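**Student:** Have a look at this one before I ask anything.
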Amino acid sequence: MSKDREFHQEIDVVIRVMRHAQAAVKSRFIQEVVPNRLTIVQFNALQHLHWYGRNAGMSVSELGEHLGLAHNTASGLIDRLERHGWVVRRKCQEDRRRSRIELTPQATELFREQVEHATNFWHCTFGQLSAEEQTNLIESLKRLKQVMAQPVWPSYAQLHPRDAAHVQERFETELDALAQAKLKLIGMRFILAHLAERRNEHELAAYLNQAASEEIRHTNQLFATLGHGENFETLLAALVQEDRVVYEEMLSLLEGAPDAQEKSEEITLLQQMAQDSERYSRWFRTA
C-alpha cells in the first residue's frame, strides 16, 4: 500500500471519528432540550443569559446581538420564553423605561442539571479511555489545533478585501435603514398616543408624544448625517410614491372572496384609505 493511500485512509478515520463525536454530543444536547419543550434557538438564548447575564441580566438588544437576531425577532423569542416561565423581565433601576431579561429559578435549575448531565456524558465516553490514552489524545488534538490555526490557504479577508469606500457605503446603508425604521416608529407612537388620549390615559399619551418627538430629532440627525437634508425634493418624491396599487390589490382580493358580503366593513375601510392616499399624493405634487 502506498504512503499516499495509507495517509488518506488515516484521514478518513479521523473524519469519521469527529463526525461520530459530534453526533454523540448533539444527541445528548437534544435529549436535554426536547423534554423541556424548548427549541434549539430558545435553549441557545437561555444559555447566553446563563453565561453573560447571570449578574445583571441582558437587554433584548444585547441578547439579539449575541444570537444574531433582529430586535423584533429577539423580542418575540423572549415573549415565548416568558410565557413558559423560563425568563422574566425586570425594570432597570437606572431607567424605568427599559427592562432587563433574567433567568427564572426554573431556568437556573435547568443549567445546574445540565452540568451534571454533561459530566455523566464525558464519564461514559472519554472516561472509558485509560489515563495514558486520554493524555495522548489531548496532546494530539492540541497539536492538530495548532496546525489548523495557521492555514496555508488565504483568509476570507484576503480573498474579499474591503477598502474604506466599501466600509463607508455599508455604514451609510445601515444608517439609512435605521432612519426608515425610526420613521415607522414615530408614526406608531403618535397613533398610540392618540388612542391613549381617547381612553383618557393622558400621562401615557404625553409620554408617547414625547418619545415620538425625540425619535423625530434622532431621525433628522440621521438624515443630516446622510446628506438627505440637502435634497428635500428627493425625500418628498419618495413620500409621494403611489401605494394605491397595494390598496387595489387588497380590494380585489376581498371583493373576489366567497364571503365578500361579510367583509363589507373591511372593503369600505380600504376604499377610504385608497381615496385618502390619492388625495395626499395630489396635494404633495402641487406643494
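What follows draws every value from the coordinates through simple rules; no lab data is involved. As the structure is a computational prediction, the values presented were derived from the model and not from experiment. Virtual Cβ from ideal backbone geometry, glycine too; neighbours counted across all protein chains shown.
**Student:** Points 7 angstrom from Cα along the Cβ direction at Lys3 and Ile40: gap in nanometres?
**Tutor:** A separation of 4.1 nm, rounded to one decimal place.
**Student:** Set the Förster distance to 51 Å, then compute FRET efficiency between Met148 and Gln210 from the Cβ-Cβ distance, nearest 0.05. All intermediate terms of the calculation are to be shown ahead of the outcome.
**Tutor:** Values: r = 55 Å, r/R0 = 1.08.
That gives a FRET efficiency of 0.40.
**Student:** Round to the nearest 0.05 the FRET efficiency obtained for Trp283 and Leu183 when R0 = 22 Å and r is the Cβ-Cβ distance. Mind dumping the intermediate values first?
**Tutor:** Numbers: r = 19 Å, r/R0 = 0.87.
After rounding to 0.05, the efficiency reads 0.70.
**Student:** Can you pick out the pairs among Lys26/Lys145; Lys26/Lys91; Lys91/Lys184 whose Cα atoms lie more than 32 Å from each other? Intermediate results must be reported in sequence, preceding the final value.
**Tutor:** Details: Lys26/Lys145 21 Å; Lys26/Lys91 36 Å; Lys91/Lys184 25 Å.
Over 32 Å Cα-Cα: Lys26/Lys91.
**Student:** If the chain between Ala118 and Asp176 were fully stretched, how many nm would it gain, using 0.36 nm times the residue separation less the Cα-Cα distance? Kindly include the intermediate steps, with their values, before the conclusion.
**Tutor:** Details: separation 58, 0.36 × 58 = 20.88 nm, distance 4.61 nm.
Full extension from Ala118 to Asp176 adds 16.3 nm.
**Student:** Mind checking the full-extension length gain between Trp51 and Arg16? Use 0.36 nm per residue of separation minus the Cα-Cα distance, one decimal, nm. Could you put the intermediate results ahead of the total?
**Tutor:** Working: separation 35, 0.36 × 35 = 12.60 nm, distance 3.15 nm.
Full extension from Trp51 to Arg16 adds 9.5 nm.
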